[in-house]
Amino acid sequence: MTDSAHTPVHTEDEDYGLETPLAGHPEPLPHVVVVGGGFAGMATVKALKDAPVRITLIDRRVYNTFQPLLYQVATGGLNPGDVTYFLRGLRLKQKNVHVVHEHLVEADHQAKKIRLLNNHWISYDYLVVTAGVTTNFFGTPGAKEYAFPMYSRSQAMRIRDNLFIRLEKAAKSKRADDGLRVVVVGGGATGVEVAGALAELRTAGLAPAYPEIHGDAFEVKVVQRGGEILKAFAPKLRSYAAKELRHRGVSLHLGAGVAAVEREAVVLTDGTRIHADLTVWSAGVHPHEEVAKWGLPQDEYGRIKIGDDMQVEGLPGVFAAGDIAVSPSDLPQLAQPAIQGGALIGRNIEALLAGRPLGELRYVDKGTMAVIGRRAAIAEINLPGGRPLRLTKGTAWLVWLFVHIMSLVGPRNRVTTLAGLVTRYGFPFHRRPIPIVGDVPTVRPPKPGTSAG
Ligand SMILES: Cc1cc2nc3c(=O)[nH]c(=O)nc-3n(C[C@H](O)[C@H](O)[C@H](O)COP(=O)(O)OP(=O)(O)OC[C@H]3O[C@@H](n4cnc5c(N)ncnc54)[C@H](O)[C@@H]3O)c2cc1C
């Protein structure tokens with residue numbers, strides 16, 4: 001039984017996305033409904049810019065999030081607005097899209113309709129599901145309660161606030177060992193980038209600002225189940241990254257997973273107990289559980305099964321892309337597969353409209369990169385012909401900076417992010433940049449009648 005059985009349902013079709021038909025089109029234009037305005041959904045919408053369709057883009061958030069730089073928000077390097085883009089801003093350049101701030105609840109593919117949380121049903125001619133994934137705690141006891149995930153803008157800001165709350169507390173404490181011990185769970189690119197940025201924050205930003213806190217009392221540790229960090233990278237790059245992290249005072253706990261997270265500790269599978277004032281969880285993702293209600297075939301991890309033409313298995317006209325989807329080529333859950341898959345969906349919808357055969361995804365793996373800190377990064381770039389170019393140090397850092405700035409949505413975000421990153425990494429101006437401070441509760445006198453304690 002679906003939850004619609006308990007709630008009144010508006011059966012009439014909402015007029016979402018109804019634009020005046022293009023000149024010369026007497027019929028209402030075909031309706032493309034895109035659920036999720038992330039990398040994949042935005043790519044589909046943009047690919048359909050000049051197509052004779054009306055598009056309804058539905059997202060439960062009002063903005064698109066550039067997740068690869070969320071850790072910069074979490075560690076005081078960037079402002080949240082630098083890495084998010086107002087989805088309705090799309091309308092300034094693309095008039096065939098209508099943006100709706102809602103949440104997909106269920107789908108009836110026989111009737112070609114979806115239901116939103118506001119109980120409106122929307123009919124579609126083509127449905128595109130690009131709703132992404134969410135944090136996977138792998139059922140680890142205490143992880144959901146005590147660890148901080150970093151999948152959204154608000155979660156990144158929560159981490160930043162807690163960093164500063166804890167630092168202020170330590171600065172007021174008389175105990176020499178009171179400080180900030182951060183444990184980062186997961187030694188993939190995200191975990192390494194968070195740890196590197198925290199080390200940067202400590203050395204360049206906070207050491208002078210918090211003379212009360214002894215240097216050793218601000219620790220950063222990475223916990224990784226496998227024997228090495230960054231397993232997606234070449235061995236030479238992995239060992240460079242590990243060396244750089246250690247050089248910057250990050251300790252690596254390799255070869256044991258997390259058995260439990262407690263309020264002030266992380267317990268490893270080998271029994272080690274690590275003191276943690278703040279545990280950042282960057283260990284894995286899985287599709288939202290609600291996907292099961294969307295009437296789509298799923299694999300054992302909950303991902304929607306699609307063909308190489310991006311259509312959902314057994315449902316012509318219904319497409320999926322990005323982290324939520326799995327094709328026969330089983331591409332990694334990264335931005336480029338989402339962008340390339342989303343763009344192909346746009347082209348394939350146009351092909352269906354024109355009666356042409358659908359194209360198949362020929363994924364172009366451009367490479368991968370991770371930043372460790374000031375003038376330190378690793379980059380593996382696939383040159384034409386398949387030869388990899390492996391870069392480290394300042395060169396990789398410059399490539400990383402260029403790629404990230406160019407990938408951001410919107411010119412203002414590119415300018416502010418460039419300014420933020422150049423400031424943070426001290427090139428060529430600030431040697432000791434002042435971090436963007438988190439919110440620490442205001443100190444106020446107690447209200448009359450309440451106890452001060
Ligand atoms: C911290 C972090 C760092 C990362 N770093 C990198 C990196 O350096 N390089 C890289 O290539 N990849 C990186 N990734 C992965 C990359 O961000 C994802 O692969 C990419 O975002 C997938 O795009 P998507 O369109 O599938 O999903 P998303 O970009 O997640 O978009 C999904 C959208 O769907 C919306 N949505 C979800 N459920 C619903 C619903 N029921 N109804 C309506 N809307 C809904 C969400 O609000 C969201 O806007 C990182 C991810 C994270 C979390």
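The values are calculated or read from the model by the stated rules, or taken from the named source; none is laboratory data. All values reported here derive from a predicted model rather than from experimental measurement. All Cβ positions, even for glycine, are placed from backbone atoms using ideal geometry, and neighbour counts span all protein chains on display. The protein model used for the area step is the full one, side chains on, heavy atoms only, and it has no ligands, DNA or RNA in it. Shrake-Rupley method; radii C 1.70, N 1.55, O 1.52, S 1.80 Å.
Key figures for this structure:
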| quantity | calculated |
| --- | --- |
| Among (1) crowded, with 16+ Cβ neighbours inside 10 Å; (2) in contact with a strand residue (DSSP E or B) (Cβ under 9 Å, 6 or more places away or on another chain) - the single one Lys236 does not satisfy | (1) |
| Those strands (runs of 3 or more DSSP E) lying entirely in segment 1-74 with at least 3 residues modelled with pLDDT of 95 or more and touching a Phe, Trp or Tyr at 6+ places or on another chain (Cβ under 7 Å) | 31-35 |
| Criterion: more than 19 Å from Gly426 (Cβ to Cβ) and assigned to a strand (DSSP E or B) - qualifying residue of Ser251, Ser239 | Ser251 |
| Count of residues meeting criterion [touching a residue at least 60 places away in the same chain (Cβ under 8 Å), within 14 Å of the ligand (Cβ to nearest atom) and not acidic (Asp, Glu)] in segment 98-115 | 7 |
| Residues within segment 336-367 that are buried (at least 19 other Cβ atoms within 10 Å of the Cβ) and within 16 Å of the ligand (Cβ to nearest atom), tallied | 11 |
| Checklist (1) away from the ligand (no atom under 14 Å from the Cβ); (2) surrounded by 20 or more Cβ atoms within 10 Å (Cβ to Cβ) applied to Trp281, failing item | (1) |
| Selection within segment 125-145 - open to solvent by 10 Å² or more (accessible area, probe 1.4 Å) and away from the ligand (no atom under 12 Å from the Cβ) | Asp125, Tyr126, Phe137, Phe138, Gly139, Thr140, Pro141, Gly142, Lys144, Glu145 |
| Boolean, Arg166 is surrounded by 20 or more Cβ atoms within 10 Å (Cβ to Cβ) and assigned to a helix (DSSP H, G or I) | yes |
| Residue in segment 53-70 that is more than 15 Å from the chain's Cα centre (by Cα), charged (D, E, K, R) and not assigned by TED's automatic domain parsing to the domain that holds Arg115 present | no |
| Residues of segment 33-61 that turn out to be charged (D, E, K, R), in contact (Cβ under 8 Å) with a residue 24 or more places away in the chain and more than 13 Å from the ligand (Cβ to nearest atom), as a count | 2 |
| Within segment 368-381, tally of residues that are under 19 Å from the mean Cα position of the chain (by Cα), open to solvent by 30 Å² or more (accessible area, probe 1.4 Å) and among the β-branched types (Val, Ile, Thr) | 1 |
| Qualifying residue in segment 402-411 (condition: under 30 Å from Val53 (Cα atoms), away from the ligand (no atom under 16 Å from the Cβ) and outside the structural domain of Ser251 (by TED's automatic domain parsing)) | no |
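For (1) closer than 30 Å to Ala197 by Cα; (2) open to solvent by 10 Å² or more (accessible area, probe 1.4 Å), each residue gets a yes or a no:
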position	(1), (2)
Pro52	no, yes
Ile58	no, no
Leu69	yes, no
Thr75	yes, no
Asn79	yes, yes
Val83	yes, no
Phe86	yes, yes
Arg91	no, yes
Glu106	no, yes
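Conditions tested, residue by residue: (1) touching a strand residue (DSSP E or B) at 6+ places or on another chain (Cβ under 6 Å); (2) open to solvent by less than 50 Å² (accessible area, probe 1.4 Å); (3) aromatic (Phe, Trp, Tyr); (4) in contact (Cβ under 8 Å) with a residue 24 or more places away in the chain.
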| residue | (1), (2), (3), (4) |
| --- | --- |
| Ala207 | no, no, no, no |
| Glu219 | yes, no, no, yes |
| Lys231 | no, no, no, yes |
| Gly255 | no, no, no, yes |
| Ala259 | yes, yes, no, yes |
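Conditions (1) open to solvent by 10 Å² or more (accessible area, probe 1.4 Å); (2) within 27 Å of Lys366 (Cα to Cα); (3) in contact with a Lys or Arg (Cβ under 9 Å, 6 or more places away or on another chain), marked per residue:
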position: Ala147; (1), (2), (3): no, no, no
position: Lys172; (1), (2), (3): yes, no, no
position: Leu180; (1), (2), (3): no, no, yes
position: Gly188; (1), (2), (3): yes, yes, yes
position: Glu193; (1), (2), (3): yes, yes, no
position: Gly196; (1), (2), (3): no, yes, yes
position: Tyr210; (1), (2), (3): yes, no, no
position: Lys243; (1), (2), (3): yes, yes, no
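Listed here are the residues, each with its yes/no results for (1) farther than 28 Å from Arg60 by Cα; (2) in a strand (DSSP E or B).
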| residue | (1), (2) |
| --- | --- |
| Val266 | yes, yes |
| Val280 | no, yes |
| Ala283 | no, no |
| Tyr301 | no, no |
| Gly314 | no, no |
| Asp323 | no, no |
| Ala338 | no, no |
| Pro357 | yes, no |
| Tyr363 | yes, no |
